[in-house]
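These notes are about the structure you will find just below.
Nothing in this text is a laboratory measurement; each read-out follows from the coordinates by a stated rule. Remember, it's a predicted structure, so these values are computed and weren't measured experimentally. Here the Cβ positions follow ideal geometry from the backbone for every residue, glycine too, while neighbour counts run over all protein chains shown.
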Amino acid sequence: MQEKKIKFTDVLFVGLAFFASYFGAGNLIFPPMLGLQSGSNWLSGMIGMLASGVGLPILAIIVLGMCGSVQKISDHVNKKFYTVMIGAIMILCCCVSIPRTAAVGIEMGLQGIWPGAPYLVFVILYFVIAFLFAKDRGTALDKVGKILTPIMTIILFILVVKGAVSPIGTPGAASVDNAFVNSFLGGYSTGDVLVSFLAAGVFFDSIKRKGYEGEAFRKAHVRACLIAAVCLAIVYGGLLYMGACVSTEYTPDSISNANLLLAIIRSSGGQIAIYGLCLSVVLACLTTAISQITAVADFYETATHGKLSYKVLVMIVPIVTTIVASFGLDTIVSLTSPWFSFFYPITLVITPINDVATQMDMLGNVEETGYCSQDSSMCWYFENSELKTKVKGTFSIDKVLRTKIENILLKMISFWQQFFFRDLMENGKLRNFGVPVPDVPDSNSQRDSQQDTKQETPQDDTDDEPAEDSAEDDTEE
């Protein structure tokens, strides 16, 4: 079968739809504050923000596209992990992410032009419009990419280019010790890695509906992702730099995220720029809400095996999100960060685990040889950052098999240390959920603990070397 030729317009509109799905709600209000905190170190802060706010989400959706689906990756953790994990993220969308788009769109967008606009009335109208776009699963993302996103993208590009070409000030001293780390962690607040996971099915379906399969699908998918990445980088980078330019006028404690954004846009382009910002805010939030409503309805239709149809779910989701959005932006944002900090490490770990999973699949093709005595065992453990083994009895293992197992363990502990242990244990973020977190012991207590462990080791256990001494034939223990 001849591979379908990829049309630029197809890739462009899908890429813009990807961009619109990622860019919404807090994505407008967080970069300027990170720039304000970074000050003269705005370039370092920009790199950190783009790494977590653009690099990780785009990398996630590319990996998912290569694997075919989220479930193919998550099944290596547990067969039910996909349903539980993605189901929880979908609930988070209904209770936090989607309502936040409405709150930001109305409070910062509509009320920026019309201060007296009744909030609750327009929250209802907002989700009615979102429902009208999302009700047809097959064309929802196409409508977003062809109708709403081009208008929003043009407005945003004009605003950030104007702010970059004609700076409204000179960056001052940074208010944080490490601008890169602060901005990298601030990128969590965009929630875009979670968007990659929850909207992956909708993204892939939109490409396949255009007739792209196999290698053509992969090429079109990667190109669309790159278009989305470029758009996100331009907007995020521009907003962050504009925030840095007013670091001599404001401090992070003296102004809110929303007011900072309004202040820098007004200083840059006057009242006309404010009108453009308000319109782009509404469109950015609306496009994100449409894609997420589509994703939630699509997921739960599959999870319930069609007992709840897409047409029913696409009506239920806007009703639930309307109720939550009625509480206002400040309440929703206060609930957002702890949950994103909880889910991000998990999604970041299972994204690159696809490489580990490939090695795990290969283990089944390794022929095991040698002799293992009764009740024998071989375990691996980490001590002083080194992977070591402990063997009990006579245990034979093929060299190839052992190497593959150790490669997997090294990668898994690396992911754990980078994302989970650092954020949730060392920084004590689990305390936000009422979970007791032990203090990290000092070096003396760790040394005492290691000595006690060595004294309690059974005499019949051997460490490291006996694994090689018990080799038989051409195998390594």
*asked:* Taking amide H atoms as placed 1.01 Å from N in the peptide plane, list the residues 5 or more away in sequence, or in a different chain, whose amide H sits under 5 Å from that of Ala174.
replied: Ser40, Asn41
*Work out the FRET efficiency for Phe8 and Ile113 from their Cβ-Cβ distance, taking R0 = 35 Å, and round it to the nearest 0.05.*
0.50
*Please work out the FRET efficiency for the pair Ile158 and Val121, using the Cβ-Cβ distance as r and a Förster radius of 30 Å; give the result to the nearest 0.05.*
0.50
*asked:* Through the Karplus equation 6.51 cos²θ - 1.76 cosθ + 1.60, θ set to phi - 60°, convert the phi angles of the stretch 165-172 into ³J(HN,Hα) values in whole Hz; use x for Gly and Pro.
replied: 6, 10, x, 8, x, 10, x, x
*Starting with the highest mean, order 121-129, 47-55, 402-410 by the number of other Cβ atoms within 10 Å, averaged over the residues of each peptide.*
47-55, 121-129, 402-410
_Zone residues, the stretch 216-243, relative to Arg266, backbone N less than 18 Å from point 7 Å out along Cα-to-Cβ_ = 242-243
*asked:* Taking the number of other C-beta atoms within 10 Å as the exposure measure, put Leu43, Leu262, Leu156 in order starting with the fewest.
replied: Leu43, Leu262, Leu156
_Quick check: residue separation of Leu132 and Lys208 times 0.36 nm, minus the Cα distance between them. What number comes out in nm?_
25.1 nm
*asked:* Pairs of alpha-carbon atoms within less than 8 angstrom and 6+ residues apart define the contacts here; what relative contact order does the stretch 9-157 have, in percent?
replied: 41
_Quick check on packing: order 30-40, 303-313 by the mean number of other C-beta atoms within 10 Å, highest mean leading._
30-40, 303-313
_Peptides 165-178, 241-254 ordered by average Cβ neighbours within 10 Å, highest first_ = 241-254, 165-178
*asked:* Filter Lys5/Lys311; Lys4/Lys146; Lys210/Lys311; Lys80/Lys411; Lys80/Lys311; Lys5/Lys80 down to the pairs with a C-alpha to C-alpha distance above 31 Å, please.
replied: Lys5/Lys311; Lys5/Lys80
*Phi-based couplings in Hz for the stretch 228-235 (Karplus 6.51, -1.76, 1.60; Gly and Pro marked x)*: 4, 5, 5, 4, 5, 5, 5, 5
